[in-house]
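The values are calculated or read from the model by the stated rules, or taken from the named source; none is laboratory data. Quick caveat: nothing in here was measured; it's all calculated off a predicted structure. Quick reminder, even Gly has a Cβ in these numbers, built from the backbone with ideal geometry, and neighbours come from all protein chains shown.
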Amino acid sequence: MFVLQASHLTKRYGRLTALSDVSFGVRPGEILGLIGPNGSGKTTLFECLAGLLPSDGGSVRIGDGPGSPRERSSALFYVPDGIAPWPSQTVRWALDFTLGFFGGRVDLRDDVVRRLDLEPMLDTPLGTLSKGQKKRAVLAIGLLAPQQLLLADEPFDGLDLRQTREVASTLRAYVADGRTLFLSIHQINDAARICDRFVLLSGGRVCGEGTIDELSALAAARGASARGGDLEEVFLALT
């Protein structure tokens, strides 16, 4: 059973093929990591899954359904990288708007604020926040949204080591509470720290899907060596 399943997704920009025959599934209650270098197609894939970009081939299913726009909007919430929505509004306003407009989890508001250390910036306009502060504020919006599946593009970008660990702990706590996360991460060490399984993307193609052990076995089956079962070595062996 999958929360979301992509089958043979393809996306072209003229002669450039950004995604080619991409297939994988997101299981309920897991943190799935989308791993790949810059330019590998990670953001394009997320935008196709969220319905922001039309695909040129393939399909997306939500649960047992065909993945219509209505089903996607009710099942998943997408947090893009590098955005500052409502820049003139305060963080407090953005969180309250999320709760009201999207029908978000009011019961989680104080916990999200505490875990992401947002209290000192609640009355600060979003547009004036630092990169790391914006990242935590936008992640809070995603965590307060009611959808079961949260897609987050580069959730650790702009965070220092301590903040990265705190945000990772927060995300893990909400998965334990019933959420499912699909995270696009280019820093492999960050991905290894938090994710249960991985989708390896290179040049718009899926090179492997599974746990570190499963990917190590896949590399071995293909005649490649992944020393020590390290995710970095596995990625290099499969791409």
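Of the residues that make up the range 201-211, is at least one farther than 18 Å from K42 by Cα and in contact with a strand residue (DSSP E or B) (Cβ under 6 Å, 6 or more places away or on another chain)? Checking the range 201-211: at least one residue is farther than 18 Å from K42 by Cα and in contact with a strand residue (DSSP E or B) (Cβ under 6 Å, 6 or more places away or on another chain).
Can you spot a residue in the range 59-82 that is touching a Pro at 6+ places or on another chain (Cβ under 6 Å) and either surrounded by 15 or more Cβ atoms within 10 Å (Cβ to Cβ) or farther than 20 Å from V3 by Cα (or both)? There is no residue in the range 59-82 that is touching a Pro at 6+ places or on another chain (Cβ under 6 Å) and either surrounded by 15 or more Cβ atoms within 10 Å (Cβ to Cβ) or farther than 20 Å from V3 by Cα (or both).
Conditions tested, residue by residue: (1) buried (at least 22 other Cβ atoms within 10 Å of the Cβ); (2) touching a Pro at 6+ places or on another chain (Cβ under 9 Å); (3) of a type in the set (F, W, Y).
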position: L4; (1), (2), (3): yes, no, no
position: K11; (1), (2), (3): yes, yes, no
position: G14; (1), (2), (3): no, no, no
position: S23; (1), (2), (3): no, no, no
position: R27; (1), (2), (3): no, no, no
position: G33; (1), (2), (3): yes, no, no
position: N38; (1), (2), (3): no, no, no
position: L49; (1), (2), (3): yes, no, no
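Quick one: would you say S184 is crowded, with 22+ Cβ neighbours inside 10 Å and among the polar types (S, T, N, Q)? Yes; evaluated as a whole, the condition is true for this residue. Scanning the range 142-164 for residues that are touching a residue at least 12 places away in the same chain (Cβ under 8 Å) and part of a helix (DSSP H, G or I) yields G142, L143, L144, Q163, T164.
Taking the criterion of being out of contact with any Leu (no Cβ under 8 Å at 6 or more places or on another chain), outside any loop (DSSP other than H, G, I, E, B) and closer than 26 Å to Y13 by Cα, would at least one residue in the range 134-141 satisfy it? No, the range 134-141 contains no residue that is out of contact with any Leu (no Cβ under 8 Å at 6 or more places or on another chain), outside any loop (DSSP other than H, G, I, E, B) and closer than 26 Å to Y13 by Cα. Out of L34, L19, L49, one residue alone is at pLDDT 95 or above, under 15 Å from the mean Cα position of the chain (by Cα) and assigned to a strand (DSSP E or B). It is L34. Within the range 92-113, being loosely packed, with under 11 Cβ neighbours inside 10 Å and either of a type in the set (D, E) or touching an Asp or Glu at 6+ places or on another chain (Cβ under 6 Å) (or both) holds for D107, D110. Residue pairs whose Cβ atoms lie under 8 Å apart, sitting 6 or more positions apart in sequence or on different chains, and linking a residue in the range 81-104 that is part of a helix (DSSP H, G or I) to a partner that is hydroxyl-bearing (S, T, Y), are V91/T124. The residues on offer are D190, D153, and the sole one that is under 22 Å from G25 (Cβ atoms) and of a type in the set (D, E) is D153.
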